[in-house]
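Enquirer: Handing you a structure now.
The values are calculated or read from the model by the stated rules, or taken from the named source; none is laboratory data. Everything quoted here is computed from the prediction, not taken from an experiment. So basically every Cβ, Gly included, is an ideal-geometry build from the backbone, and we count neighbours across all protein chains shown. Heavy atoms of the whole protein, side chains included, go into the accessibility calculation; ligands, DNA and RNA do not. Shrake-Rupley method; radii C 1.70, N 1.55, O 1.52, S 1.80 Å.
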Amino acid sequence: MEQVSSRPLEGKRVAMLMTDGVEQIEYTSPRSYLEERGATVVLLSPKDAGEEVQGFNHLQPGDKFKVEMNVRDANPTDFDALVLPGGVANPDNLRMSREAIDFIRGFSVEDKPVGAICHGPWTLIDAGIATAKHMTSWPSLKKDLINAGAEWTDDEVVIDARLVTSRKPDDLPAFNDAMAKELMLAPGTDPGPTA
């Protein structure tokens, strides 16, 4: 019984969609957090499986991460949630990928959790998900999100229906916790013993 409660996300599959220019900690922190709780996390990108995505620590190049699946080969129905890390160049590049935007939109259609941090919410505008949502983001996206029909507030984490947004790397503890809770609310998750 102990085993079940320590891995409450066992059996859950989470897609993390990103490309070059991703803010490294916004990928590595949620991935580790979710995997420690039993989720299977898959790195998706417009790049082919086996290619690498260049991470950044603010403006400095960081580590490279191996793509596990090209987004064109992925289907939202095969995943329980989506996480969109930030970094300025990453979401800007993703917005140019029709497959990436269609994949993101699919999570809204399926009513599955989507988490976006920092500049990550940019892609939600193109996917048509920002309209009429309460959200937060890196401050420079405020006007873009408001123009897309979102209600923007400067909060550590904002949850609106299945959408989880945060502002910056400092918000990762709250963001990770909110994503895990959304996944546990998703159908098919065994929350473990309640006693």
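Enquirer: What do you reckon, is residue 19 closer than 21 Å to residue 103 by Cα, at pLDDT 95 or above and surrounded by fewer than 17 Cβ atoms within 10 Å (Cβ to Cβ)?
Expert: It is false that residue 19 is closer than 21 Å to residue 103 by Cα, at pLDDT 95 or above and surrounded by fewer than 17 Cβ atoms within 10 Å (Cβ to Cβ).
Enquirer: So which pairs qualify, if the first residue must be in region 72-93 and farther than 14 Å from residue 16 by Cβ, the second must be hydrophobic (A, V, I, L, M, F, W, C), the Cβ gap must be under 7 Å, and the two must be at least 6 apart or on different chains?
Expert: Every condition considered, the pairs that remain are 92/122.
Enquirer: If we scan region 179-187, do we find a residue that is farther than 20 Å from residue 37 by Cα and either touching a strand residue (DSSP E or B) at 6+ places or on another chain (Cβ under 6 Å) or assigned to a helix (DSSP H, G or I) (or both)?
Expert: The answer is no, given that none of the residues of region 179-187 is farther than 20 Å from residue 37 by Cα and either touching a strand residue (DSSP E or B) at 6+ places or on another chain (Cβ under 6 Å) or assigned to a helix (DSSP H, G or I) (or both).
Enquirer: Hey, another quick one. Suppose we filter region 94-111 for residues that are farther than 26 Å from residue 53 by Cα and part of a helix (DSSP H, G or I); how many remain?
Expert: Residues flagged as farther than 26 Å from residue 53 by Cα and part of a helix (DSSP H, G or I) within region 94-111 amount to 1.
Enquirer: Within region 25-64, track down each residue that is in contact (Cβ under 8 Å) with a residue 40 or more places away in the chain and in contact with a Phe, Trp or Tyr (Cβ under 8 Å, 6 or more places away or on another chain).
Expert: Across region 25-64, the qualifying residues are 27, 30, 44.
Enquirer: What is the residue count in region 158-185 for residues that are open to solvent by 20 Å² or more (accessible area, probe 1.4 Å), within 16 Å of residue 123 (Cα to Cα) and small (Gly, Ala, Ser)?
Expert: 0
Enquirer: What is the one condition in (1) closer than 19 Å to residue 121 by Cβ; (2) modelled with pLDDT of 95 or more that residue 37 does not satisfy?
Expert: Here residue 37 clears every test but (1).
Enquirer: Using the structure shown, decide if residue 86 is touching a strand residue (DSSP E or B) at 6+ places or on another chain (Cβ under 7 Å), part of a loop (DSSP other than H, G, I, E, B) and buried (at least 16 other Cβ atoms within 10 Å of the Cβ).
Expert: yes
Enquirer: If you take the residues in region 26-83 that are among the acidic types (Asp, Glu) and in a loop (DSSP other than H, G, I, E, B), which one is least open to solvent (accessible area, probe 1.4 Å)?
Expert: Checked region 26-83; the qualifying residue least open to solvent (accessible area, probe 1.4 Å) is 80.
Enquirer: Among the residues of region 131-164, count how many are over 22 Å from residue 177 (Cα atoms) and aliphatic (A, V, I, L, M).
Expert: 6
Enquirer: Here is a list of conditions, (1) over 24 Å from residue 144 (Cβ atoms); (2) touching a Leu at 6+ places or on another chain (Cβ under 6 Å), and residue 71 meets all of them except one; can you say which number that is?
Expert: The number of the failed condition is (1).
Enquirer: For region 112-157: of the residues being in contact with a Lys or Arg (Cβ under 9 Å, 6 or more places away or on another chain) and in a strand (DSSP E or B), which is surrounded by the most Cβ atoms within 10 Å (Cβ to Cβ)?
Expert: 117
Enquirer: While we're looking at this one, here's another question. Got at least one residue in region 97-109 being farther than 25 Å from residue 20 by Cβ, out of contact with any Phe, Trp or Tyr (no Cβ under 6 Å at 6 or more places or on another chain) and β-branched (Val, Ile, Thr)?
Expert: Among the residues of region 97-109, at least one is farther than 25 Å from residue 20 by Cβ, out of contact with any Phe, Trp or Tyr (no Cβ under 6 Å at 6 or more places or on another chain) and β-branched (Val, Ile, Thr), which makes the answer yes.
Enquirer: A follow-up question, please. Is region 59-66 home to any residue that is modelled with pLDDT of 95 or more and either aliphatic (A, V, I, L, M) or farther than 22 Å from residue 138 by Cβ (or both)?
Expert: yes
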